[in-house]
Structures are given as structure tokens and as C-alpha cells.
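Down below is the structure, laid out as C-alpha cells.
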Amino acid sequence: MQWEKFKDQFHESWHDKMRPFIESEECDKIYAHLKERSKKGHSIAPLSINTFRAFKETPLTHLKVVMMGMCPYHTAIQNQCVADGLLMGCSITGKLQPSLDQFYGGIERELHNGLNLNYIKNPDVSYLARQGVLMMNAALTTEINKAGSHIAIWEPFIKHFFQCIETEGAPIIFLGKDAARYKKYVGPFTWSFVTSHPASASYKNTEWNTEGVFGKVNKILKDNNNYQINWLDEYPPF
């Protein structure tokens, strides 16, 4: 029954991988917790229809890169959740968040030496999802005004996820030390990178340092698949 309720939130290419977890007791516990908190009047972000949006936007068959942050935006603007189901995405309100602004700035400095004047600071990061970048958080939900409140309940799902993609060969980028704690679930022959989270640069009022990760990932993709990601929303996706 649970699978019938959630399967349409996943692209069909994920169905065989995700169905066992959605039908598991571990998923029942997640669902029960979310339902209980909601009944007690706690608002949860993103909207339930967007909980698994990353897996709808990026088919497993097109997976090129995994980018993982920690938890969705825990804020709301005029009673609308800022979180839209994709890592750092803020398309529902259309208001660019500081962490996403830092993300774009860091990429532009790394790949274009600060000279690219044509890219768009798009609140909607689905242009990356469509290129095969799985834009996900380690906690797929959070409570409004309670950052990180659901981190613990989603860990079994994250463990299952990394088992699902172990043979896919997709490089993984962990944004921040909190997300990087899940590196323990990554297969031994998988490329993985850890950088600071763009949000940390916003807190410190500095520029985010990408540590060259986007160029490194593109080189891996080019060498192995003759494919590269357009990290800035400037050209149509491949």
C-alpha cells in the first residue's frame, strides 16, 4: 500500500531500487513520524508532493553526479515553504537564497575566472537535475523553523540510497561536514569529494571556495563518458 502511495513521486527508472525501502518497516517509521508531527501542528518542508522530487527529476538511467547537502530550507515566505524538494532549490517562492547565490558565485569564479556575465542565478536548480545531477539532501524533510530536525529519521533511507547506486559510478559531492558523515555508506571504488557548504560562506560573509570540485567532476565525466555538466544555467542542458 505504501508503494502505491509514493511510486508516482519517483521516475520509473528508480522503482525497482526504491520499492523495497518504501515497503520496509524503516520507511513506515519515517512516515509515522512525519504524520505524527504534522497532526501536532508542525509544518513540514518541503510539501509532501516534493519529498522525493530529486528522484523524479533525475532518472537513474541518466544519473551522472550526486550532490548532497544536509537538510532542506527550514524557512517559509508568506506561508510558502522555501524548500522545493531539490538541494538548494527555491523555485516555489522565486527568491534566491544566500546559499544558492554563493553556490553560483563559487562555480563562476572556479570555471570562468569571474568573467562570465551571461549566466542566470536561477532559483530553480532543475536545469542541473535534467543534466543528471541528483540534487538531494541527506534529510529529505525538516520542520519549519527547526533546522536539521529530521536528520536522524532519514539516515536509513540514505544508507539504502548509496547501496542502490553503488554500481552506477557517479561521482558524489558532499556539501559540508554534516553531509560528509554519510560518506561511510559510499562504495570503496566511488569518486567522492567533500567541500564546505555554500551556506557557511554566507554565515561568515565570505566567498564560497569550491576547491575546484566542479572542474574535477567534469574531468571524470569527460574521461569516462565524454560528457560534462553545464554547472551554470547559461546554455540548454545536454
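Per-structure values
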| read-out | value |
| --- | --- |
| Selection from the range 25-48 of residues that are free of Cβ contacts under 8 Å to residues at least 60 places away in the same chain and more than 16 Å from residue 137 (Cβ to Cβ) | 25, 28, 31, 32, 35, 36, 38, 39, 40, 41 |
| Hey, residue 136 part of a strand (DSSP E or B) and not aromatic (Phe, Trp, Tyr) or not | yes |
| Residue ID - surrounded by the fewest Cβ atoms within 10 Å (Cβ to Cβ), chosen from residues in the range 80-89 that are of a type outside the set (Gly, Ala, Ser) and touching a Ser or Thr at 6+ places or on another chain (Cβ under 9 Å) | 80 |
| Subset of the range 1-25 (residues that are part of a helix (DSSP H, G or I) and at pLDDT below 95) | 2, 3, 4, 5, 6, 7 |
| Any hit, the range 27-50, residues being in contact with a Leu (Cβ under 7 Å, 6 or more places away or on another chain), of a type outside the set (Gly, Ala, Ser) and open to solvent by 50 Å² or more (accessible area, probe 1.4 Å) | no |
| When residues of the range 194-222 are limited to those that are aromatic (Phe, Trp, Tyr) and buried (at least 20 other Cβ atoms within 10 Å of the Cβ), the one farthest from residue 98 (Cα to Cα) | 214 |
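The values are calculated or read from the model by the stated rules, or taken from the named source; none is laboratory data. None of these values were measured; they are calculated from a predicted model. Glycine gets a Cβ as well: all are built from the backbone with ideal geometry, and neighbour counts include every protein chain shown. For accessibility, only protein heavy atoms count, side chains too; no ligands or nucleic acids. Shrake-Rupley method; radii C 1.70, N 1.55, O 1.52, S 1.80 Å.
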